[in-house]
Amino acid sequence: MDISLLREAALLGDSMSNQPLYRFAAISDIHIDLENGGKNTYFIHAEENFRHALEIIKLHQCDFIISAGDQVTNASGAEEEWRRYRQIIDESGYDGLILEAMGNHETRSAKYGLNSLDDCRRDFIRYTKLGEKSIARQPGKTYYAYTEPNSGDVFLFLSLENGVSTNEIDNFSDDQMDWVEQQLKAGDQDDRRVFLIQHANLYGLGVGDDKNRPAYAGALRTHDKNNQPFVNNLRFYHLLCNHPETIWMSGHTHVDLRDRLNYTDHPCHTLHIPALSGSTRIVSDHGGGHILDRTFTGDNAQGYIVDVFYDRVIFKGIDFLSDTYYSDFTYTVESRSGLQQP
Ligand SMILES: [Fe+2]
Ligand SMILES: [Fe+2]
């Protein structure tokens, strides 16, 4: 692929019409949920919200979709949920690219011994059809890279490989962190803009929660209870500190855009994507702390429409149920592509 010719063409379009180089939809925590065959479904709006979002995404003419993990809920096995996930996509008529990251719920049933971690990883690869996508992936791996063809921008999809207990374990293999390090270095050398999609936020450091008084205990930790490091979680954090121009999109906490905790610039440009299945609100516990209110009101399915320009990326908060932008939850990230300025 001659990236320079593509870049020239893309820049011409950008300079003549002020149109974005490309547009994508950012969603997370779809949470298709058929626990016990649907008898114990927790995320009651998940399917309806996903169907609705695909319709709206088609209307907004997005070039592709990124989904930041927890596509399924997997409390009693994920296979039927994965089938329903594919069925909803097929029935929607959306035939564009969907690029999924593997969250903690993709492996949840392994925690209960219902199947193995390997089974869960295989389901993820199979039902997201990773083998059929134009991505760079090592055999058998659940993490991969996608290069946006008009700009050369790179999207890295990381994977919570090691199971559901995100807050109690080292979540990444040495191999995955070696791969991320190499990709971030290559991005620097080739002057590429790098987006990174990794499901779980960092406890007390990142987005989607109050940094000083976190309400959500399930976030990824850099150290265990005895203050011993989780080596690869810590390495992930340091890699981002060393590459602060990276744009990281996470999900996991489900926190609503209206709680105003969806952007930070440390350790890099970091965006939180609320749960498409219905957001969670942070409320006071009346003891000086915070707790999460998980009442599903059925009144929103939040995410972003993202317009990518030569010198900036605009994350426009949107409710996919009402097809309404949240004009006060729009985030502009100053970020240059490797394209030459028009
Ligand atoms: Fe989730
Ligand atoms: Fe999660």
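The values are calculated or read from the model by the stated rules, or taken from the named source; none is laboratory data. Just so you know, these numbers come straight off a predicted model, no measurement behind them. Using ideal geometry, Cβ is built from the backbone for each residue, glycine included, and neighbour counts are taken over all protein chains shown. The accessibility values were calculated without ligands, DNA or RNA, using every heavy atom of the protein model including side chains. Shrake-Rupley method; radii C 1.70, N 1.55, O 1.52, S 1.80 Å.
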- Pairs under 9 Å by beta carbon, first residue open to solvent by less than 30 Å² (accessible area, probe 1.4 Å) in the range 233-244, partner of a type in the set (Ser, Thr, Tyr) and not in a helix (DSSP H, G or I), six or more apart or different chains? ASN233/THR222; PHE236/THR222; LEU239/THR246; LEU240/THR246; LEU240/THR270
- Query: Out of all the residues in the range 260-273, is one or more under 21 Å from ARG51 (Cβ atoms), among the aliphatic types (A, V, I, L, M) and away from ligand 2 (no atom under 16 Å from the Cβ)?
  - Reply: no
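Would you be able to say whether some residue in the range 304-327 is within 16 Å of ligand 2 (Cβ to nearest atom) and not hydrophobic (A, V, I, L, M, F, W, C)? Quick ask: steps written out before the conclusion?
From the range 304-327, those within 16 Å of ligand 2 (Cβ to nearest atom) are none; that's our starting set.
Within the range 304-327 (the criterion being within 16 Å of ligand 2 (Cβ to nearest atom) and not hydrophobic (A, V, I, L, M, F, W, C)), the answer is no, since none of the residues qualifies.
Being of a type outside the set (A, V, I, L, M, F, W, C), open to solvent by 10 Å² or more (accessible area, probe 1.4 Å) and under 25 Å from HIS105 (Cα atoms) is the requirement here; does ASP328 meet it?
Numbers: of a type outside the set (A, V, I, L, M, F, W, C): yes; open to solvent by 10 Å² or more (accessible area, probe 1.4 Å): yes; under 25 Å from HIS105 (Cα atoms): no.
Judged against the criteria, ASP328 is not a match.
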- Message: Where the second residue is surrounded by fewer than 22 Cβ atoms within 10 Å (Cβ to Cβ) and the first is without any contact (Cβ under 8 Å) to a residue 24 or more places away in the chain and lies in the range 39-60, which pairs have Cβ atoms under 8 Å and are six or more apart or on separate chains?
- Response: THR41/GLU35
- Query: Can you pull out the residues in the range 96-127 that are touching a strand residue (DSSP E or B) at 6+ places or on another chain (Cβ under 6 Å) and away from ligand 2 (no atom under 16 Å from the Cβ)?
  - Reply: GLY96, LEU97, ILE98, LEU99
- With the condition kept exactly as written, say whether any residue in the range 213-228 is within 16 Å of ligand 1 (Cβ to nearest atom) and either open to solvent by less than 10 Å² (accessible area, probe 1.4 Å) or modelled with pLDDT of 95 or more (or both). yes
- Would you pick out the residues in the range 229-270 that are within 16 Å of ligand 1 (Cβ to nearest atom), touching a His at 6+ places or on another chain (Cβ under 8 Å) and not aliphatic (A, V, I, L, M)? SER250, GLY251, HIS252, THR253, ASN262
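Could you tell me how many of the residues in the range 66-77 are modelled with pLDDT of 95 or more and within 13 Å of ligand 1 (Cβ to nearest atom)? It would help to see each step written out before you state the result.
Our first condition is that a residue be modelled with pLDDT of 95 or more; within the range 66-77, this holds for 66-74.
Restricting the remaining residues to those that are within 13 Å of ligand 1 (Cβ to nearest atom) gives 67-74.
Residues meeting the conditions: 8.
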- Task: Working only within the range 68-112, note down all residues that are surrounded by fewer than 19 Cβ atoms within 10 Å (Cβ to Cβ), part of a loop (DSSP other than H, G, I, E, B) and out of contact with any Leu (no Cβ under 9 Å at 6 or more places or on another chain).
- Result: ASP95, GLY96, TYR112
- Message: Any residue that is at pLDDT 95 or above, charged (D, E, K, R) and not in a loop (DSSP other than H, G, I, E, B) - is there at least one of those in the range 278-293?
- Response: no
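Given HIS290, HIS269, HIS254, which one is more than 18 Å from SER165 (Cα to Cα), surrounded by 20 or more Cβ atoms within 10 Å (Cβ to Cβ) and in contact (Cβ under 8 Å) with a residue 40 or more places away in the chain?
On the way: HIS290 fails: surrounded by 20 or more Cβ atoms within 10 Å (Cβ to Cβ); HIS254 fails: more than 18 Å from SER165 (Cα to Cα).
Unique residue meeting the criteria: HIS269.
For LEU99, are the conditions met, namely being touching a residue at least 60 places away in the same chain (Cβ under 8 Å) and over 20 Å from GLY131 (Cβ atoms)? Outline the logic, then answer.
Values: touching a residue at least 60 places away in the same chain (Cβ under 8 Å): yes; over 20 Å from GLY131 (Cβ atoms): no.
Against the criterion (touching a residue at least 60 places away in the same chain (Cβ under 8 Å) and over 20 Å from GLY131 (Cβ atoms)), LEU99 does not qualify.
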